[in-house]
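A.B. asks: What follows is a structure written as structure tokens; I'll ask about it next.
Computed from the coordinates by the stated procedures, all read-outs in this text should not be read as laboratory data. Just so you know, these numbers come straight off a predicted model, no measurement behind them. Glycine also receives a Cβ, built like all others from the backbone with ideal geometry; neighbour counts cover every protein chain displayed.
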Amino acid sequence: MFNNNGHKIKVQFEGRELQVALGTTVAEVLGQLYIRDHEVVGATLNHHLVSLITKLDGDSVLEAVVPCSREGQAIMRRTATHILHAVFFTHFPKYRLKIGQSLLGGYYYEVVPLDGEPDPDLASLAQEAQKRLDEVVEQDLTLYRHAVSTEAVPMWVQDPF
């Protein structure tokens, strides 16, 4: 299990000190059963909010983040935003979501028609979007983070929003 020439780091978690390999992920430290049983959605690593796929790069203090916490709610809102955008991109190609400012723990969205399309019937669009969101959530897909440099953004982003 130990990689990086067997280099071990110390991780403090729930009053215990563990020794793990350098580069071990937060999820590997917590374990899938702990994550499932405690509904963990992220973690704080040395007091910084991180995802479960974050690799440990040195001695650390680790705390699990659950959905009912302030940090957990922020993670859930951001995740829901990514899923909503994916649903719109896939199922509603004639429209784009434009995100406005954060309001009372949520986000303000504007549905923008593309290429001269008429304004949508928001009630029916919301109903169909909810159906598609439920389908995506039911699939329990894994989300992956893909970082790109500022210079590479134009290659990845064609959407003006």
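A.B. asks: Tell me, Kirkwood radius of the range 70-156 from alpha-carbon pair distances, in Å?
C.D. replies: Across the range 70-156, the inverse of the average 1/r is 14.8 Å.
A.B. asks: Within the range 120-160, list the trypsin sites (Lys or Arg not before Pro) lying in a DSSP loop whose Cβ has at most 16 other Cβ atoms in a 10 Å radius.
C.D. replies: 145
A.B. asks: If you compute P(r) over Cα pairs in 5 Å bins from 0, in percent for the structure shown, which of (1) 2, 9, 16, 22, 22, 14, 8, 4, 2, 1, 0; (2) 1, 7, 13, 16, 16, 14, 12, 9, 6, 4, 2, 1, 0; (3) 1, 8, 14, 15, 12, 9, 7, 5, 4, 3, 3, 3, 3, 3, 2, 2, 2, 1, 1, 1, 0, 0, 0 do you land on?
C.D. replies: (2)
A.B. asks: Treating the beta-carbon of each Lys and Arg as +1 and of each Asp and Glu as -1, no other charges, what is the dipole magnitude of the range 80-128 about its Cα centre, to the nearest 20 debye?
C.D. replies: About 200 debye.
A.B. asks: Another one. Work out the length of the dipole vector of the chain about its Cα centre, built from +1 on the beta-carbon of each Lys and Arg and -1 on the beta-carbon of each Asp and Glu, and round it to the nearest 20 debye.
C.D. replies: Dipole about the Cα centre, nearest 20: 380 debye.
A.B. asks: Turning to a different aspect of this structure: Go through the range 60-73 residue by residue and turn each phi into a ³J(HN,Hα) via Karplus (6.51, -1.76, 1.60, θ = phi - 60°); whole Hz please, and just put x for glycine and proline.
C.D. replies: Here the 3J(HN,Hα) series is 9, 10, 10, 10, 6, 10, 10, x, 7, 7, 4, 5, x, 5 Hz.
A.B. asks: Quick one: longest stretch of the chain between exposed loop GluC sites (Glu not before Pro), exposed meaning at most 15 other C-beta atoms within 10 Å and loop per DSSP?
C.D. replies: 40-161
A.B. asks: Just want the answer: with Cβ charges of +1 for Lys and Arg and -1 for Asp and Glu, which residue in 50, 9, 40 is farthest toward the dipole's positive end in the range 4-65?
C.D. replies: Working it through, the farthest residue towards the positive pole turns out to be 9.
A.B. asks: Note the direction-averaged projected area, equal to a quarter of the hull surface, for the Cα convex hull of the range 4-65, in nm².
C.D. replies: Taking a quarter of the hull surface, the average projection is 3.8 nm².
A.B. asks: If you stretched the chain out fully between residue 112 and residue 61, how much longer would it get, using 0.36 nm times the residue separation minus the C-alpha to C-alpha distance?
C.D. replies: That works out to 14.0 nm of additional length.
A.B. asks: Report the one residue of 102, 125, 85 whose Cα lies farthest in the direction of the positive end of the charge dipole of the range 70-156 (charges on C-beta: Lys and Arg +1, Asp and Glu -1; origin at the Cα centre).
C.D. replies: Of 102, 125, 85, it is 102.
A.B. asks: I need the phi-derived Karplus couplings for the range 87-95: 6.51 cos²θ - 1.76 cosθ + 1.60, θ = phi - 60°, integer Hz, Gly and Pro marked x.
C.D. replies: For the range 87-95, the Karplus-derived couplings read 4, 5, 4, 7, 9, 10, x, 7, 9 Hz, x marking Gly and Pro.
A.B. asks: Taking the dipole about the Cα centre of the chain, with the C-beta of Lys and Arg at +1 and of Asp and Glu at -1, give me whichever of 19, 69, 141 is farthest to the positive side.
C.D. replies: 19
A.B. asks: Please give the length that would be gained between residue 131 and residue 32 if that part of the chain were fully extended, namely 0.36 nm times their separation in residues minus their C-alpha to C-alpha distance (nm, one decimal).
C.D. replies: 32.7 nm
A.B. asks: Of 44, 90, 142, which has the largest mean-square fluctuation in a 10 Å C-alpha GNM of the chain?
C.D. replies: 142
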